[in-house]
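K.L.:
Have a look at this one.
The values are calculated or read from the model by the stated rules, or taken from the named source; none is laboratory data. Just so we're clear, the structure is a prediction, and the values are computed from it rather than from any experiment. All Cβ positions, glycine included, derive from the backbone under ideal geometry; neighbour counts span all protein chains shown.
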Amino acid sequence: MELSGAQILIDGLKREGVEYIFGVNGGAAMPIFDALYSEQDIKLIPMRHEQGASHAADGYARATGDVGVVLATSGPGATNLVTGIATAYMDSIPMVAITGQVFTHYIGSDAFQECDVIGVTRPVCKHSYLIKDTDEIADVVAEAFHIAKTGKPGPVIIDIAKDAQIREALFQYPETVDIRSYKPQVHGDPVQIEKAAALIKEAKRPMLYAGGGVVLANASEELRQLTLNTQIPITVTLMGLGAFPETHPLAMEMPGMHGSCCANYAFTDADLVIAVGARFDDRVTGDLSKFAPNAKKIHIDIDASCIGKNVPVDVPIVGDAKNVLTELNKQVGATDIDPWRAQIQEWKQKYPFEYEQKGDKVMPQFVIEQIYKHYSDAIVVADVGQHQMWAAQYFKFTEPRQWLNSGGLGTMGFSLPGAIGAQLGCPDKTVVNINGDGSYIMTIQELVPAVTMKLPLKVFIINNMYLGMVRQWQELFHGKRYSAVDYHDNPDFALLAEAFGATGLRVEHPEDVEPALQKAKGINDGPVVIDFIVDEEENVFPMVPAGAGLGDVIRGLS
Amino acid sequence: MNPEERHIFSVLVENRFGVLARVAGLFSGRGFNIDSLNVAETHDKSISHITLVTHGDAQIIEQIYHHLNRLIDVIEVTDLSTGTHVERELVIIKIATDDPQKRTEILQVAEVFRGRVIDMKPTSLVLEITGDEGKLKAAIDIFNTYGILELSRTGKIAMLRGSEK
């Protein structure tokens, strides 16, 4: 039987096990939305802005490990997706973004709502397809999902001309996908793994440095086994938090610009760094010439282009983290590094994350500590800025996919829609959205679908009435010239939440923090927004200033 | 700063809409250099052969190799500079020949470079010369002294020798 292109697309998505499509309707995508209208197996989640839709699909993917799907129309619908696609690309999140395109005969004519989506998204996606012919749809869907979720995952764009959505063709879905030009290397070279094992046995001051790749590869178990078997201290990056429990004695917590002094000092003194699914990002390494100067480096990564990009590597291992760690675990055992472990413990004891209580102000770090106390098992979706760093520092993550944030692109506005995706993907979990006053208002409109769906999201705003991280840099590096960061003119977020149909609470005193969190726990018939009015000029410390080495970390202002 | 090297990459890609833009975009987006670029269909209509000349230090060259491989439509990347290879380039040059004496001289020089005349008008002629980079440079330098009106070259095409594949 012949089906419309739109129906073939939907049937293909069903074959791929898609549960949800996040989208915003529009002219060139109407046939697809029409096909979804009577669809039983896939739920369409109408969002209020395409950026929000893309972050929701991304949040779903991060929380579940499955491919997130977003759907938008041509032109502005598609360009509004770009930030979300780039966000997913930087963090290697599996996503399929479907955009309607103008009729084939209009392509290239500057037609109404026409945009060269393939051209615009080329540098921020893993791959992309323009479909002009209905016969191509089934094969492209199968390929797109295969590419999005295998190798180093990433977003794939399917741009479909409206006439290809309308025309009919036979639905024949490929059983397998074989792309001759795409064969990700998933098994590490055994010779290299042996070399790595030998280095680990010889090292006196080794450390593990794990990143988001461990989470993406579902390799947390293997990472834990390696850490516990060797008893090598471990630091986990912002993207990997939860891959190894931060509550464990071997955990040095997050490294880098706002990371723990312990992890940063460890890098500076280590004689061996074992990087797993981490990419030596500038926010982790600081000044490269001073980064881990005495250490040999083992780098395990699925992406060969990531190895040796920023830091020369002694033992490169291209492969999937799960496979490589499984092999490595067979070859390594207990290490004889007691003095080094003692040194790590000393740094840990001496330099914990800490802050000073200022008068009767609500300290942002205190709010995070209290959130952790009440929601330690929750999925935490953070936005970008000071609150993100405080959440990373003061919430102790113990499970992979428990902490979701835009680490690579640093996209403000990610978290509220991201939390919607996470909650739909994990309906049995509590989802806490830790947001900032600047980032919250960037995608605040997505409170609408959250209210409509009665999602029990806990939206906690760390409100310092500033674009806080930028203000901190202005304070430290621009002579307190607070250009364009004053957000005192923001609306009352508690009242605004009520206007949206959510529950809104405002907290201005330290003693009200805990009762408000308790109250939020009991509200499960829709989102609850708590606006925590915190100390306005608190800074994030420790801090490695841009351009400095990790050893030059500023522990605090005092 | 490590020394810069010139490398010739032979890249087999799917002969498909937009692939060249992906390759070129990779270079512009990551700040890699393209010294010359040649693209054409091969004997297999589904595959195009890109010959790309670039330069950079060893780390950059390695990055270029890996990033090319990372593109989904790229079937195979070979760094020809790591093996013995043959390379050719073709140039066509239009030269002013305002007096017959000069024309004769130009034709003699063309002979030295095994150039062929592919067009001749009363006041100009067009020569075709093939060769490696050194030969073409020598030829262009000489013809420059006669006044080149127009010049167009293909960019390098190259492949590994014999059974090295």
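K.L.:
Given the conditions (1) buried (at least 19 other Cβ atoms within 10 Å of the Cβ); (2) closer than 25 Å to A:Lys132 by Cβ; (3) more than 10 Å from chain A (Cβ to nearest Cβ), which single one is not true for B:Ser10?
P.N.:
(2)
K.L.:
Select the strands (runs of 3 or more DSSP E) contained entirely in segment B:66-132, then report the ones holding at least 1 residues which are in contact with a Phe, Trp or Tyr (Cβ under 8 Å, 6 or more places away or on another chain).
P.N.:
Per the criteria, B:74-79, B:85-96, B:124-131.
K.L.:
Additional query: Please find, among A:Gln185, A:Gln172, A:Gln231, the residue that is within 14 Å of chain B (Cβ to nearest Cβ) and of a type in the set (S, T, N, Q). Even if it seems obvious, please write down each step before you answer.
P.N.:
On the way: A:Gln172 fails: within 14 Å of chain B (Cβ to nearest Cβ); A:Gln231 fails: within 14 Å of chain B (Cβ to nearest Cβ).
One residue alone meets the criteria, A:Gln185.
K.L.:
Still on this structure, I have one more. Taking segment A:303-326 as the search range and keeping residues that are in contact with a Leu (Cβ under 8 Å, 6 or more places away or on another chain) and β-branched (Val, Ile, Thr), which one is nearest to the other protein chains (Cβ to nearest Cβ)? So that I can check it myself, show each step before the final result.
P.N.:
Of segment A:303-326, the ones in contact with a Leu (Cβ under 8 Å, 6 or more places away or on another chain) are A:310-311, A:314-315, A:321, A:325.
Restricting the remaining residues to those that are β-branched (Val, Ile, Thr) gives A:311, A:315.
Working: A:Val311: 11, A:Val315: 16 Å.
The extreme case among them is A:Val311.
K.L.:
If you don't mind, there's one more thing I want to ask. Working only within segment A:147-188, note down all residues that are part of a strand (DSSP E or B), farther than 26 Å from A:Asn218 by Cα and in contact with a helix residue (DSSP H, G or I) (Cβ under 6 Å, 6 or more places away or on another chain).
P.N.:
A:Ile158, A:Asp159, A:Ala161, A:Ala169
K.L.:
Here is a follow-up. Would you confirm whether any residue within segment B:57-78 is touching a strand residue (DSSP E or B) at 6+ places or on another chain (Cβ under 8 Å), β-branched (Val, Ile, Thr) and farther than 27 Å from B:Phe17 by Cβ?
P.N.:
yes
K.L.:
Go through (1) over 23 Å from A:Phe353 (Cβ atoms); (2) crowded, with 24+ Cβ neighbours inside 10 Å one by one and return the number of the condition A:Trp390 breaks.
P.N.:
(1)
K.L.:
Filter segment A:132-151 for residues that are more than 11 Å from chain B (Cβ to nearest Cβ), closer than 14 Å to A:Ser4 by Cα and not hydroxyl-bearing (Ser, Thr, Tyr) and give the result.
P.N.:
Across segment A:132-151, the qualifying residues are A:Asp133, A:Asp135, A:Glu136, A:Ile137, A:Ala138.
K.L.:
Any idea which of B:Glu62, B:Glu111, B:Glu128 is in contact with a Gly (Cβ under 7 Å, 6 or more places away or on another chain), of a type outside the set (Lys, Arg) and not assigned by TED's automatic domain parsing to the domain that holds B:Leu12? Explain how you work it out, then say what you get.
P.N.:
Working: B:Glu62 fails: not assigned by TED's automatic domain parsing to the domain that holds B:Leu12; B:Glu111 fails: in contact with a Gly (Cβ under 7 Å, 6 or more places away or on another chain).
Step by step, each of B:Glu62, B:Glu111, B:Glu128 is checked, and only B:Glu128 is in contact with a Gly (Cβ under 7 Å, 6 or more places away or on another chain), of a type outside the set (Lys, Arg) and not assigned by TED's automatic domain parsing to the domain that holds B:Leu12.
K.L.:
Quick check on my filter: what residues within segment A:99-127 are of a type in the set (D, E, K, R), in a loop (DSSP other than H, G, I, E, B) and within 11 Å of chain B (Cβ to nearest Cβ)?
P.N.:
Across segment A:99-127, the qualifying residues are A:Asp116, A:Lys126.
K.L.:
Consider B:Gly29 against the criteria (1) touching a helix residue (DSSP H, G or I) at 6+ places or on another chain (Cβ under 7 Å); (2) of a type outside the set (D, E, K, R); (3) more than 19 Å from B:Thr154 (Cα to Cα); (4) buried (at least 20 other Cβ atoms within 10 Å of the Cβ): it satisfies all of them except one. Which criterion is unmet?
P.N.:
(4)
K.L.:
Would segment A:175-198 turn up any residue that is closer than 30 Å to A:Asp269 by Cβ and free of Cβ contacts under 8 Å to residues at least 24 places away in the same chain?
P.N.:
Taking every residue of segment A:175-198 in turn, at least one turns out to be closer than 30 Å to A:Asp269 by Cβ and free of Cβ contacts under 8 Å to residues at least 24 places away in the same chain.
K.L.:
Name the one entry in B:Ile34, B:Ile75, B:Ile64, B:Ile60 that is under 19 Å from the mean Cα position of the chain (by Cα), β-branched (Val, Ile, Thr) and within 14 Å of chain A (Cβ to nearest Cβ).
P.N.:
Step by step, each of B:Ile34, B:Ile75, B:Ile64, B:Ile60 is checked, and only B:Ile64 is under 19 Å from the mean Cα position of the chain (by Cα), β-branched (Val, Ile, Thr) and within 14 Å of chain A (Cβ to nearest Cβ).
K.L.:
What's the number of the only condition in (1) touching a Gly at 6+ places or on another chain (Cβ under 9 Å); (2) modelled with pLDDT of 95 or more that A:Pro249 fails to meet?
P.N.:
All conditions pass for A:Pro249, except number (1).
K.L.:
If you don't mind, there's one more thing I want to ask. Kindly indicate which of A:Ala144, A:Ala198, A:Ala138 is of a type in the set (Gly, Ala, Ser), surrounded by fewer than 17 Cβ atoms within 10 Å (Cβ to Cβ) and outside any loop (DSSP other than H, G, I, E, B).
P.N.:
Only one candidate qualifies: A:Ala198.
K.L.:
Please specify each residue of segment A:233-273 satisfying the condition of being over 17 Å from the mean Cα position of the chain (by Cα), outside any strand (DSSP E or B) and β-branched (Val, Ile, Thr).
P.N.:
Listed by number, the residues that qualify are A:Thr247, A:Thr268.
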